[in-house]
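Asks: Sharing a structure below in structure tokens format, with a few things to ask.
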Amino acid sequence: MPDAPPMDKKRVMAARLTGLVGFTNSSCPDLQGDPALLKGAVERLGVDPKDLEQGELAMVARSFSETYQKDVPANCRRAIETFGPSSRIVPNLIVKR
């Protein structure tokens, strides 16, 4: 059986952002993701947010979230540093509760 084709980079990034927000909401007690900003970021990547709710893309998002669980304190810090108010990527995607 041939391997599946590699997933488009933009779809992977959408899954990564979704996994990060899911991880943050469930594992970082003083942080939360902004669902409206996440939806906008995913749409700007050309991905329908509904695609992240089931199927392969949802599994990829969950795998990112599970990976972040391996070092919760460090990844919570990294989430706010990378996607907090001073982010150049998606400012305020992750905010303090």
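Asks: Tally the residues that are within 21 Å of Val95 (Cα to Cα) and assigned to a loop (DSSP other than H, G, I, E, B), restricting the search to segment 18-50. I'd like the intermediate steps shown before the answer.
Replies: Within segment 18-50, the subset within 21 Å of Val95 (Cα to Cα) is 18-44, 49.
Of the ones still in play, those that are also assigned to a loop (DSSP other than H, G, I, E, B) are 28-30, 34.
Final tally of qualifying residues: 4.
Asks: Pairs only if they're at least six apart or on different chains, beta carbon under 9 angstrom, first in segment 12-29 and of a type in the set (D, E, K, R), second crowded, with 17+ Cβ neighbours inside 10 Å; list them, first residue then second.
Replies: Final answer for the pair search is Arg16/Val60; Arg16/Ala61; Arg16/Phe64.
Asks: Check Leu38, Leu20, Leu31 and return the single one that is out of contact with any strand residue (DSSP E or B) (no Cβ under 9 Å at 6 or more places or on another chain) and buried (at least 18 other Cβ atoms within 10 Å of the Cβ).
Replies: Values: Leu20 fails: out of contact with any strand residue (DSSP E or B) (no Cβ under 9 Å at 6 or more places or on another chain); Leu31 fails: out of contact with any strand residue (DSSP E or B) (no Cβ under 9 Å at 6 or more places or on another chain).
Exactly one residue qualifies, and that residue is Leu38.
Asks: Then there is this: Here's a check for you: in segment 51-88, which residue that is among the hydroxyl-bearing types (Ser, Thr, Tyr) and not in a helix (DSSP H, G or I) is farthest from the chain's Cα centre (by Cα)? Spell out how you get there, then give the answer.
Replies: Pass one, segment 51-88, residues among the hydroxyl-bearing types (Ser, Thr, Tyr): 63, 65, 67-68, 82, 86-87.
Then keep just the ones that are not in a helix (DSSP H, G or I); that gives 86-87.
Numbers: Ser86: 17, Ser87: 14 Å.
Here the answer is Ser86.
Asks: Next question, about the same structure. Is segment 45-68 home to any residue that is touching a strand residue (DSSP E or B) at 6+ places or on another chain (Cβ under 7 Å), surrounded by 15 or more Cβ atoms within 10 Å (Cβ to Cβ) and at pLDDT 95 or above? Outline the logic, then answer.
Replies: Here is the first cut: in segment 45-68, the ones touching a strand residue (DSSP E or B) at 6+ places or on another chain (Cβ under 7 Å) are none.
Taking every residue of segment 45-68 in turn, none turns out to be touching a strand residue (DSSP E or B) at 6+ places or on another chain (Cβ under 7 Å), surrounded by 15 or more Cβ atoms within 10 Å (Cβ to Cβ) and at pLDDT 95 or above.
The values are calculated or read from the model by the stated rules, or taken from the named source; none is laboratory data. Nothing here was measured: the structure is a model prediction, and the numbers come from that model. Heads up, the Cβs are rebuilt from the backbone with ideal geometry, glycines too, and the neighbour counts pull from every protein chain shown.
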